[in-house]
Amino acid sequence: MVTLVSDFRPDSSVVSETRPSPNHGERKAGVKPNMLVLHYTGMSDAQDAVRRLCSESSKVSSHYIVLEDGHIIQSVAESRRAWHAGESSWAGETDLNSRSIGIEIANPGHDHGYPEFPRRQIAAVTALCRSIFTRHRIPADRVVAHSDIAPSRKKDPGEKFPWKSLHDSGIGLWIKPVPVVPDGPIFVLGDSNPAIKELQELFARYGYGVLATGQFDSVTHDVITAFQRHFRPARIDGIADVSTIETLRTLLRARDGATS
C-alpha cells in the first residue's frame, strides 16, 4: 500500500512549498541516502511536469523539484524512497532509489529546445544541495547526473548544466577538461583493443556501469557519451579520443587524491 504523507513538513528551510506525491516507499534494508541524482524534467511546461511527478498514475516522483525562477517544491520526504532513478547503476550498486535523493530541475530538455538553465534556478539548486549535505554525507563522486547512472536511456540534465558552478560551491566533483585535439589514438564503436579494456576499467572505477571486455560496444559508447555530457561537454560524440581519456584519468586522480 502506498503511504501518503498527510502532515508533510519540508526537510529544508530553502523549500518554498510542499506538494506531496503518492509515489514513494521505504528505503530498502535501512539504507541511508548517500547519493544525489540530478535530473531535468524534460517537459515543455514546468507545471505539467510537477503534476506528473505528483500523480499516482505516473509512477514517478522525486524528492525535490526546482522551477526556473528558483522556487523549490518538495514532494517526497528525504527519509522515503522516491521513484526517480529507474533502471540504473553506480559503482556496482543498483536500486539507486533507496540510496539517493532525487532533484528534478525544470527544463524542457533536448526534445524541446533545451534552453540554458537560469542563474536563479542554479542558485536554488546549489542552496538545496548544500542544505541536503547538512543532513547526509554524500561523497563528491556520488553527485551524479541521471545520464551517468542510466547512460543508455537518459541525457539529463545534459551538457548545459553548470557542474563547475556547483563544484565551486562545494557540490560534486569537477576538473578542467583536457582540450580536444585532432591528434592521438581514438577508439570508436566496433573496435577491439587491449587499451579499450583498460579504458572500460577506468570508467568502472569511477562508477559507470560498463564491463571490461576490450570490445567497444554500444554500452561503452553510451557511457563515454554520458561522461562527455558531464565532464567534457565541448564535444559529445561517444568517441574515446585523447581529450576524453585524459579527462577521465585526471578526474580519477582528483577523486583518489581527495579521498586518500
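For the range 231-260, a tally of residues being of a type in the set (S, T, N, Q), open to solvent by 10 Å² or more (accessible area, probe 1.4 Å) and part of a helix (DSSP H, G or I) returns 2.
Contact map, the range 88-111: residues that are without any contact (Cβ under 8 Å) to a residue 12 or more places away in the chain paired with residues that are among the charged types (D, E, K, R) and assigned to a helix (DSSP H, G or I), Cβ distance under 9 Å, separation 6+ or inter-chain. Pairs shown: Glu93/Arg99.
The values are calculated or read from the model by the stated rules, or taken from the named source; none is laboratory data. What you are looking at is a predicted structure, and each value in this text was computed from that prediction instead of being measured. Counting neighbours? That spans all protein chains shown, and the Cβs are built from the backbone with ideal geometry, glycine included. Surface accessibility is based on the protein's heavy atoms, side chains included, excluding ligands, DNA and RNA. Shrake-Rupley method; radii C 1.70, N 1.55, O 1.52, S 1.80 Å.
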